[in-house]
Each structure stands twice: as structure tokens, then as C-alpha cells.
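Asks: There's a structure below that I have some questions on.
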Amino acid sequence: MDHYFLGDPSAPSDERIVRAEARGIAVELVTDRGVFSKAGLDEGTRRLIESVDLTGAATALDLGCGYGPVTAILACAYPGVRWWMIDINRRAVELARRNTADLVPQPVVMQHDGIPNELESFFDHVLLNPPIRAGKSVVFRLYEEARRALKPGGKLWVVIQKKHGAPSTEARLRELFESVDVAHRKSGYFVFCAGVALR
């Protein structure tokens, strides 16, 4: 069985078009086997999209972008933002590039298992629905990399369910960031907003 957090899925391709809707914005996206939530927008990602506030942002990173629903929807809600998209999964990256090809400016899409060092202090916002099945060490590393990649005053937005480790995530974010707020909490889902202090 393929896992979505592997670099190169082996499952035969079987593309389909799904409709994703959040914040009153609907988009049609191409998905495939071997990528996260291939049947459509998952509940955690929908809550993340609906909770974030990117007002005034110039740059944002969709970390673990999958096939691109976060960027595809939020680029419509915040047209002034320049997006970067990163995922470890080659197939997801190719789909994300296709699903956002019509956006202006066109997002920068990269295959990587995290955030490259050269993007330190680069983003106003990082958005993450963490790959829980990859393990806590991977998830916590992504929080640390997001902290380094944010500009002073930047924010990391994380959606996670209580049963998947919301309490330990909150504790780790409080160790890494100057402020941590709960932007959304309902039905076992939490959206945390972790902020970097202005220098």
C-alpha cells in the first residue's frame, strides 16, 4: 500500500476530477492514487482553509500541499499573495502544479521533504496539515523548519485532531514560537496559529 508521504508512489495512475469548496469558493482539481485525500477535500484541510487570516500577506507557503486545494482556494480569497507549494510526493507535486497553473502569479512548486534552508526568514505565513502517519519526529521537524522559514511577525497555521496529538503539538509550538493561539476548535479539530515576534 502506498503512503501519501512517500516520495514516489507506485500505485498505477487513475486520475479523477474532484470539486473542492471552502470559504464560499469552489474549484475543480485533478487527483490521483497515491496522494493524500484523493477523493476530495478532507475535513481538516477545509477547517484550515476557513480559519486562516492572510490579510496583508505578500508570501505564503502551502507545506505538504498535496494536489493543491489550499493554494487553489486561498489564492482566490487573497489574490495579492505569492504562493510556494512543497510536498515530498512527486505525483502530488505534479498535480499541484497543474491545478494551480492558471493562477497569477503562478505558484512556485517544489518536491522536497521539508523546507529548504535557503528559504529561511522568507514567508509571512506557513500553512500545514501535518502528515500524522509519517510520525511525530517528522511532524515536529516540520514545525521547526516552519519557524526558521517565517519572517519576523510571521505565522504558522496548523490543523490537527485531538486524537492525533493536538495537545503535544500545542506544547511543542509553545516551545518554538513567541505566541500560540487557538484559531479554531470544534469536533476534535484544532487550528493553531503560532506567531514569530517582530524583531
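The values are calculated or read from the model by the stated rules, or taken from the named source; none is laboratory data. Keep in mind that what you see is a predicted model, and the values were worked out from it rather than measured. Virtual Cβ from ideal backbone geometry, glycine too; neighbours counted across all protein chains shown.
Asks: Residues that are over 17 Å from the mean Cα position of the chain (by Cα) and on the phi > 0 side of the Ramachandran plot: does segment 131-148 have at least one?
Replies: no
Asks: Wholly within segment 81-199, which helices (runs of 4 or more DSSP H) include no fewer than the required count, namely at least 1 residues that are aromatic (Phe, Trp, Tyr) and either closer than 24 Å to residue 46 by Cβ or out of contact with any strand residue (DSSP E or B) (no Cβ under 8 Å at 6 or more places or on another chain) (or both)?
Replies: Result: 136-149.
Asks: Suppose we filter 53, 124, 87 for residues that are farther than 16 Å from residue 20 by Cα, of a type in the set (Asp, Glu) and surrounded by fewer than 17 Cβ atoms within 10 Å (Cβ to Cβ); which single one remains? Break it down stepwise before answering.
Replies: On the way: 124 fails: surrounded by fewer than 17 Cβ atoms within 10 Å (Cβ to Cβ); 87 fails: surrounded by fewer than 17 Cβ atoms within 10 Å (Cβ to Cβ).
Sole residue among the options that is farther than 16 Å from residue 20 by Cα, of a type in the set (Asp, Glu) and surrounded by fewer than 17 Cβ atoms within 10 Å (Cβ to Cβ): 53.
Asks: Looking only at segment 46-56, which residues are assigned to a loop (DSSP other than H, G, I, E, B) and closer than 24 Å to residue 185 by Cα? Show your work before the answer.
Replies: Taking segment 46-56 and keeping what is assigned to a loop (DSSP other than H, G, I, E, B), we get 52-56.
Those that are assigned to a loop (DSSP other than H, G, I, E, B) and closer than 24 Å to residue 185 by Cα: 52, 53, 54, 55.
Quick grid of which residues meet (1) among the acidic types (Asp, Glu); (2) over 23 Å from residue 142 (Cα atoms); (3) at pLDDT 95 or above:
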| residue | (1), (2), (3) |
| --- | --- |
| 15 | yes, yes, no |
| 34 | no, no, no |
| 48 | no, no, yes |
| 54 | no, no, yes |
| 69 | no, no, yes |
| 72 | no, no, yes |
| 84 | no, no, yes |
| 112 | no, no, yes |
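Asks: Any residue in segment 65-76 that is assigned to a loop (DSSP other than H, G, I, E, B) and surrounded by fewer than 24 Cβ atoms within 10 Å (Cβ to Cβ)? Reasoning before the result, please.
Replies: Here is the first cut: in segment 65-76, the residues assigned to a loop (DSSP other than H, G, I, E, B) are 65-68.
Pick out the ones that are also surrounded by fewer than 24 Cβ atoms within 10 Å (Cβ to Cβ) and you get none.
No.
Asks: Within segment 22-45, does at least one residue satisfy the condition of being buried (at least 20 other Cβ atoms within 10 Å of the Cβ), at positive phi and not in a strand (DSSP E or B)?
Replies: yes
Asks: Can you run down the residue pairs with Cβ atoms below 7 Å, 6 or more apart or on separate chains, where the first is in segment 98-126 and charged (D, E, K, R) and the partner is at pLDDT 95 or above and in a loop (DSSP other than H, G, I, E, B)?
Replies: Matching pairs, first to second residue: 124/57; 124/58.
Asks: Between a residue in segment 15-36 that is touching a residue at least 24 places away in the same chain (Cβ under 8 Å) and of a type outside the set (Phe, Trp, Tyr) and any residue that is outside any strand (DSSP E or B) and loosely packed, with under 12 Cβ neighbours inside 10 Å, which pairs come within a Cβ distance under 8 Å, given they are 6 or more apart or on different chains?
Replies: That search, which allows pairs on different chains as well, returns 31/39; 32/13; 32/14; 33/12; 33/13; 33/14; 34/10.
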